[in-house]
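Peer 1: What follows is a single structure, and I will ask about it in a moment.
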Amino acid sequence: MNKHTLTCFITLTLLAGCGFKPNKVETPRWTTEILAPLVKAPLSPEEVIQLKEIKFGKEVKMSDAGIPNGTYPLIPPIPSSSLPAYVIPISADVASITFESGTMKMIIQNNLPINVKAGTVITIQTGTTVFFTHTLPTNINPGDTYEINPEYDVTGKTITENVTLKITNFSSDGKSGSVTINGSEKLSLNFVIKNLKVQKIGLASNNQIELADTSNFSIAGSVVKTGEISGKFVLFSDNQMPIQVNAQGYFLDSTKKVIDSLFVGTQLIGAATVDGSGFSNSTNTSSVDIPFSIQKFEKIKPAKYFKSYVKVSTGSGAPVVYIRSTDKLTLQLVADIKIKIENKTN
């Protein structure tokens, strides 16, 4: 995705040229109608929230294992013990994500002066529910990296806005030589959830997420002189999601300076209604007319880019509202434009 929250609203070259030489000298004039769908884009939950992957991690210091900064003649073996539990924030916008499919990789980099012994258990919890647990099958020596293989299958699992990382049964052989601890020594644990598809996303009520994306755009290239352009674009929307969307599009020149906007102000696409559990139970259908003229055409003709801007807002009908994989936001922009073409032959 290029992260495509709303696909470029306009991707159609409005006019195509044709050679025409009449049998006698005259000025043929005609009016043609164009009625064409420009965009039909069902947006998935991943696209609305711009969700491609989820990354989080934690750095563990020697002090977490009970060894403060200082110089030591040696570090004795550390028997099996539990390190402090770590709360890791995942998202400020998303309350929960349930995965339809996806995998998670875990990479551990040991920059401690001691090894981490096989049998150490890494656990991620959401509340009291275990999301992931893994027992190290081998020692991770100082300077070494360990990566889980195969990656962990997250199908059917739910991750929340905060997770708890626990390291239990932690043990080490220690270090026999002199060592200085200054706080820079770390055990880094990093997690990446990728190739994901969402079963449902929970969003807190009265929440706002702002998204933007820029795509290449061209409406130039016509070899026909147009005497008149009039008509309208019509934006149809069917929203099955419990979120309202304020949409706007901007036409940009080659320096990405704004030339014109698609709407006068943002266009509101209303949310579907929700039941008491926060799931949508309706489809909000609407349409809006956008006038189009020769002046508009000439103004946006130099445009090289189109920037879509979206503000997603959740309602307040339930503490948390959920977007399911079956919920779609479909946008269809249709051109209903009359073009008067003048082709003069002397």
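The values are calculated or read from the model by the stated rules, or taken from the named source; none is laboratory data. Values in this document were obtained by computation on a predicted structure and should not be read as measured data. All Cβ positions, even for glycine, are placed from backbone atoms using ideal geometry, and neighbour counts span all protein chains on display.
Peer 1: Scan region 278-294 and give yes if some residue there is surrounded by 17 or more Cβ atoms within 10 Å (Cβ to Cβ), assigned by TED's automatic domain parsing to the domain that holds V312, touching a residue at least 60 places away in the same chain (Cβ under 8 Å) and not aromatic (F, W, Y), otherwise no.
Peer 2: Within region 278-294, one or more residues are surrounded by 17 or more Cβ atoms within 10 Å (Cβ to Cβ), assigned by TED's automatic domain parsing to the domain that holds V312, touching a residue at least 60 places away in the same chain (Cβ under 8 Å) and not aromatic (F, W, Y).
Peer 1: Still on this structure, I have one more. Those residues that are aliphatic (A, V, I, L, M) and loosely packed, with under 14 Cβ neighbours inside 10 Å, I need them from region 118-156; list them, please.
Peer 2: Here is the first cut: in region 118-156, the ones aliphatic (A, V, I, L, M) are 118, 121-122, 124, 130, 136, 140, 148, 154.
Scanning region 118-156 gives A118, V130.
Peer 1: Go through region 78-106 residue by residue and tally those that are surrounded by 15 or more Cβ atoms within 10 Å (Cβ to Cβ) and not in a loop (DSSP other than H, G, I, E, B).
Peer 2: Result for region 78-106: 14.
Peer 1: What is the residue count in region 254-296 for residues that are in a loop (DSSP other than H, G, I, E, B), of a type in the set (A, V, I, L, M, F, W, C) and closer than 15 Å to F236 by Cβ?
Peer 2: Taking region 254-296 first, the residues in a loop (DSSP other than H, G, I, E, B) are 254-257, 262-266, 270-273, 275-278, 281-283.
Those left that are additionally of a type in the set (A, V, I, L, M, F, W, C): 262-264, 271-272.
Subsequent filtering for residues that are closer than 15 Å to F236 by Cβ retains 262-263.
Adding up the residues that qualify gives 2.
Peer 1: Sort out which residues of region 107-117 are in contact with an Asp or Glu (Cβ under 7 Å, 6 or more places away or on another chain), assigned to a strand (DSSP E or B) and surrounded by fewer than 21 Cβ atoms within 10 Å (Cβ to Cβ), and write them in order of number.
Peer 2: Of everything in region 107-117, just one residue is in contact with an Asp or Glu (Cβ under 7 Å, 6 or more places away or on another chain), assigned to a strand (DSSP E or B) and surrounded by fewer than 21 Cβ atoms within 10 Å (Cβ to Cβ), namely I107.
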